[in-house]
Each structure stands twice: as C-alpha cells, then as structure tokens.
1. Considering only residues that are assigned to a helix (DSSP H, G or I) and out of contact with any Leu (no Cβ under 7 Å at 6 or more places or on another chain), look in the range 291-304 and name the one that is least open to solvent (accessible area, probe 1.4 Å).
2. If a residue has to be under 19 Å from the mean Cα position of the chain (by Cα), within 16 Å of the ligand (Cβ to nearest atom), open to solvent by 20 Å² or more (accessible area, probe 1.4 Å) and of a type in the set (D, E, K, R) to count, how many in the range 91-142 make the cut?
3. Of the residues Asp6, Asp88, which is over 16 Å from the mean Cα position of the chain (by Cα) and either within 15 Å of the ligand (Cβ to nearest atom) or open to solvent by less than 20 Å² (accessible area, probe 1.4 Å) (or both)?
4. Tally the residues that are more than 14 Å from the chain's Cα centre (by Cα) and among the hydrophobic types (A, V, I, L, M, F, W, C), restricting the search to the range 59-76.
5. Among all residue pairs at least 6 apart or on different chains, which show Cβ distances below 9 Å where the first residue, located in the range 65-76, is of a type in the set (Ser, Thr, Tyr) and the second is open to solvent by less than 10 Å² (accessible area, probe 1.4 Å) and more than 15 Å from the ligand (Cβ to nearest atom)?
6. Identify, by number, the condition in (1) more than 15 Å from the ligand (Cβ to nearest atom); (2) surrounded by fewer than 18 Cβ atoms within 10 Å (Cβ to Cβ); (3) under 21 Å from Ala133 (Cβ atoms) that Thr55 doesn't meet.
7. Pull up the range 147-156, narrow it to residues that are more than 15 Å from the ligand (Cβ to nearest atom) and aliphatic (A, V, I, L, M), then point me to the one that is least open to solvent (accessible area, probe 1.4 Å).
8. Go through the range 305-324 and count every residue that is modelled with pLDDT under 95 and surrounded by fewer than 12 Cβ atoms within 10 Å (Cβ to Cβ).
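The values are calculated or read from the model by the stated rules, or taken from the named source; none is laboratory data. All of these numbers come straight from a predicted model, not from anything done at the bench. When we count neighbours, we look across all protein chains shown, and the Cβ atoms used for this are built from the backbone with ideal geometry, even at glycine. Accessible surface is based on the protein model in full, side chains and every heavy atom, while ligands, DNA and RNA are left aside. Shrake-Rupley method; radii C 1.70, N 1.55, O 1.52, S 1.80 Å.
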Amino acid sequence: MLKIGDIVMKNPVVLAPMAGVCNSAFRLTVKEFGAGLVCAEMVSDKGILFKNEKTMNMLYIDEREKPLSLQIFGGEKETLVEAARFVDKNTNADIIDINMGCPVPKITKCDAGARWLLDPDKIYEMVSAVVDAVEKPVTVKMRIGWDEEHIFAVKNARAVERAGGKAVAVHGRTRVQMYEGKANWDIIREVKQSVNIPVIGNGDVETPQDAKRMLEETGVDGVMIGRAALGNPWMIYRTVKYLETGELMGEPSVREKMDVCILHLDRLIALKNEHVAVREMRKHAAWYLKGVKGNAKVRNAINECNTREDLVMLLNGLAAEVEEKEIQAIVG
Ligand SMILES: Cc1cc2nc3c(=O)[nH]c(=O)nc-3n(C[C@H](O)[C@H](O)[C@H](O)COP(=O)(O)O)c2cc1C
C-alpha cells in the first residue's frame, strides 16, 4: 500500500511529474485511467513568489485529480520555503514535492534540481526548512546521483527521512546520464532497504510487466511512470489492472486513441485557450499517434494546425481511414 503522510493511494501506480506535459488537462485524463497518484509538472519557487501569471495558472488543480502531488524547485532556502508556504495555504494539492532531479543546466546552475545530489547536508537543511513551514506532507524526487563517481542516493534519501520528508521518489539515473542508458534499479532497491519512509521507484517502466518487476525486484512502495504514459494513458490503466489481476489488457483501437486525444485537447483548451492549446497539443497528438500505421502524413499536417476544428478533423479522419482499411481486410 502506498501511503504518504495520512494520504492513502488506491494503488501504487504514480504518474511522473513532466514539465510541459503534466498540467491539469493531462493529469485528469490519466487519473480517469486509474492512477493512484498524479504529479504536477515542476513549478519555479521564484515564479510563485513573483506571482508570475503563467506560474499561477500552473497551480490550478481540479478536485477530481486528487490525490495530487505538486512539485516545486529552487536553489535558495528562503524562496523555496516561501513558495512551499504559498502552495500549502493556497492550493488544493495533497503533497508538496521538491525537485532534486532536474538535470538541465538552466536549473542546476541556479543550485536547484539535481545539483543538490552532491550535498546530503544541503538536502537535510532544505527539506527540514520546508517541512517546518508547511502542513502538507513533503516529499522529494531525486536521481540516484550526479555521475557514476557520485552516487549518494542512500545518504540523500536518509537525509530526506531525517529532515521529516514523508516519501522519496528515485529515478534510477545520474544527472550526467540525462535520459540515456539504463535506469539502475539496484540502487533503488538499496534506497528502499535503507529508509523507513515509502520509496517510489522510477525509470524505464515501459510496460505493465516492467512495473510488476520493479515492485518485486526492488521492494518499492510505488512505481512511477513517465514517458510510457505520453499519449498513452492506457499504460496506466493496463498497469493498474495487471498489478491487481494479472490480466494484460489489449492495446486501444485507433478510434479510442483519437477520442481520448480529442478529450485531452478540449481540456487543454478549457485550461489555456484554443490557440495555445492547439499548438501545445501538436506534440501530444504525435505521441497519441505513435504506433498507428501510416501516421507520418497526418503528423506533418498536425504540425501546421492552428484550430481545434482542423486538428479534430485530422484525428477523426485518421481513425476513419484505419477503420475503413480494417473493414476492407475483413470483407476482402
Ligand atoms: C518531458 C519530460 C519532462 C519532465 N519534467 C520533469 C519535472 O518537471 N520534474 C521531475 O521531477 N522530473 C521530470 N521529468 C523526469 C520524469 O519525471 C522521470 O523521472 C523520467 O522521465 C524517468 O521516468 P520514465 O523512464 O518512466 O520516463 C521529466 C521527463 C520528461 C520526459
């Protein structure tokens, strides 16, 4: 059972925080596919403190998404604590997560994200300051280390626990690896064996079977899924079902994929506006189309779309074309 503070998740399947992806539109859709916990995209502490309009919009949470974890990042204690306080008092997030894994230079050069992985004392100091300032449970998402020579995952997770953190999510890669190479699940297991707070394992869970294997091989309390859920909320549903019953559900039809893509689009339009949503949806649509035969032409056309009407026409057109081919194949 995955329990963080007093919050009990209905299953151990967690949607990973993904910048530019995990806004309310996508999270709600994934939640409806059964995720035990959804994580929001990372939000800058300074953006919160300056009440930057875009940042404030990122704090919107639909009640139906709960339980939800909202992730903040920053490099200085004062601003991180203030941002956490704001999230604690002014949002309906259930959990405040601190980003300690983001590898991109824009973030690490401000002493934020993965930079902390080199310094367990700093982790202790930052996490305890946040824990002391808020009521919601505080968690941390980290990578296993900075590089092969500096893998401090166990020390870092212990620092989180000592500081009062209520769970830790571990992505089994170093900062230097970015998204290359294989995630190291052995280190995730070591972390699990070294702390008493819940551990969520992350990295390279591509199939429901991978999720089961991660839970069994590492003993983690939860399994976090990122890239495999892009354009594919069925991955969440299929994983939940597989873990619960051992049954491996089939892949969705193209029609189902396009219907959910349109639902996602409409939610994004409601959240942002048509112009912004359609442009943002281009990348999602390409992910929904992954694996659909003959999608290259439609993908190119989607990249030129500026209106809901055009995008929906292309998606429905593709579904109809595939259905027509299937009927032809049966009829002969
Ligand atoms: C597009 C994208 C955006 C991401 N943004 C965040 C983020 O905001 N915060 C974070 O902690 N991790 C972020 N990550 C890392 C993921 O949460 C996850 O740790 C990583 O993708 C490994 O999991 P996976 O193999 O299941 O994809 C991001 C990953 C991707 C692909």
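1. Restricting attention to the range 291-304, the residues satisfying the condition of being assigned to a helix (DSSP H, G or I) are 296-302.
Restricting the remaining residues to those that are out of contact with any Leu (no Cβ under 7 Å at 6 or more places or on another chain) gives 296-297, 300.
Working: Ala296: 57, Lys297: 164, Asn300: 104 Å².
If we take residues in the range 291-304 being assigned to a helix (DSSP H, G or I) and out of contact with any Leu (no Cβ under 7 Å at 6 or more places or on another chain), then Ala296 is least open to solvent (accessible area, probe 1.4 Å).
2. Going through the range 91-142, the residues under 19 Å from the mean Cα position of the chain (by Cα) turn out to be 91-104, 107, 112-114, 137-142.
Those still in the list that are within 16 Å of the ligand (Cβ to nearest atom) too: 93, 95-104, 107, 112-114, 138-142.
In the following step, the residues that additionally are open to solvent by 20 Å² or more (accessible area, probe 1.4 Å) were identified as 104, 141.
Cutting the leftovers down to of a type in the set (D, E, K, R) gives us 141.
So the answer is 1.
3. Values: Asp6 fails: either within 15 Å of the ligand (Cβ to nearest atom) or open to solvent by less than 20 Å² (accessible area, probe 1.4 Å) (or both).
The unique qualifying residue is Asp88.
4. So the count comes out to 3.
5. That search, which allows pairs on different chains as well, returns Ser69/Ile4.
6. Failed condition: (1).
7. From the range 147-156, those more than 15 Å from the ligand (Cβ to nearest atom) are 147-152, 154-155; that's our starting set.
Right, trim to aliphatic (A, V, I, L, M) and you get 151, 154.
Working: Ile151: 51, Val154: 31 Å².
It comes out as Val154.
8. 1
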